[in-house]
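Here the structure is laid out as structure tokens; the discussion comes afterwards.
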Amino acid sequence: MSNVYSVGNNRQLIIYAAGSNIFLRIAHFGGLERPIVLATDYNHGLNECVYNDTLYYTYISTDNSLHIKNIMESQSIYTVIGNNIPELYNPSICVCNHSLLLFYLKNNPLLKHLCLHCLSFGDIHNCTEAFPVPLPSCVTDISDYHIFKAGNTLFLYVNNRMFFIEEIGHIKEMRLVSEIKENDNNKNKLAACQAKINEQAAVINSIRLQYDELMNVASQYREEALKWRSKFM
């Protein structure tokens, strides 16, 4: 599978993996250039994005390490060192607030499940230090995740929950349509119950008024009876 990116001067960059190699081909008005070998240690998980008019890509290598590179340099600009036992999976690289973000899954051998990690690089040209980005607690035991981008907003779908990231370090959960409908149904049920309560309260109030009126009439009859009795006693 190959992905195509448009990067300046009417050029299209085609990046794809075949076997243990990652290739780049450049398409322009003159035709399609010969493949360029970007890496020879590819294992799985190729993912790319355009940042500052340069194509960056990430992948898991044959030594189970995770690499971030760009097409202008052969060396990794950042590496998450792997072990003999595979523990890094599904890397995803994207841009948020003019900074590069790296998402990836890492196996926790003690807890025996996958956790989602996110790193931020404020200056991609000086990637000796990465900054961990806090994520929701639900990402500590997952099997997969998906990243989508719309404009300047990133969407993270994980464990049947959707989060959006407009600013690094600030992740908010989106209410799903099903939840909104459920809340609307609950509101309708609550409104119906409240209407029933109001109706019953009106009936009770009417009965109370009738009772008070009857008691008042009975009191008047009692007073009249006492008056008549006093006249003839």
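The values are calculated or read from the model by the stated rules, or taken from the named source; none is laboratory data. Predicted model only: the values in this text are computed from it and were never measured. With ideal geometry, Cβ positions are generated from the backbone for all residues, glycine too; neighbour counts draw on all protein chains shown.
List every residue pair whose Cβ atoms sit under 6 Å apart, with the two residues 6 or more apart in sequence or on different chains, where the first one lies in the stretch 82-104 and is within 14 Å of Tyr51 (Cα to Cα) and the second, anywhere, is assigned to a loop (DSSP other than H, G, I, E, B) and of a type in the set (Gly, Ala, Ser).
Correct list of pairs: Ser99/Gly122.
Yes or no: the stretch 53-60 includes at least one residue that is part of a loop (DSSP other than H, G, I, E, B) and either farther than 28 Å from Ser2 by Cβ or not assigned by TED's automatic domain parsing to the domain that holds Ala150 (or both). Please lay out each step first, then the result.
First, pick out the residues of the stretch 53-60 that are part of a loop (DSSP other than H, G, I, E, B): 53.
With the extra rule that they be either farther than 28 Å from Ser2 by Cβ or not assigned by TED's automatic domain parsing to the domain that holds Ala150 (or both), the set shrinks to none.
Scanning the stretch 53-60 turns up no residue that is part of a loop (DSSP other than H, G, I, E, B) and either farther than 28 Å from Ser2 by Cβ or not assigned by TED's automatic domain parsing to the domain that holds Ala150 (or both).
State whether one or more residues within the stretch 25-45 are within 26 Å of the chain's Cα centre (by Cα) and either at pLDDT below 95 or not charged (D, E, K, R) (or both). Lay out the reasoning, then the answer.
Keep residues of the stretch 25-45 that are within 26 Å of the chain's Cα centre (by Cα), which gives 44-45.
Keeping just the survivors that are either at pLDDT below 95 or not charged (D, E, K, R) (or both) gives 44-45.
Within the stretch 25-45 (the criterion being within 26 Å of the chain's Cα centre (by Cα) and either at pLDDT below 95 or not charged (D, E, K, R) (or both)), the answer is yes, since at least one residue qualifies.
Name the residues in the stretch 80-125 that are within 21 Å of Ser61 (Cβ to Cβ) and not in a strand (DSSP E or B), would you?
Selection gives Ile81, Gly82, Asn83, Asn84, Ile85, Pro86, Glu87, Pro109, Ile124.
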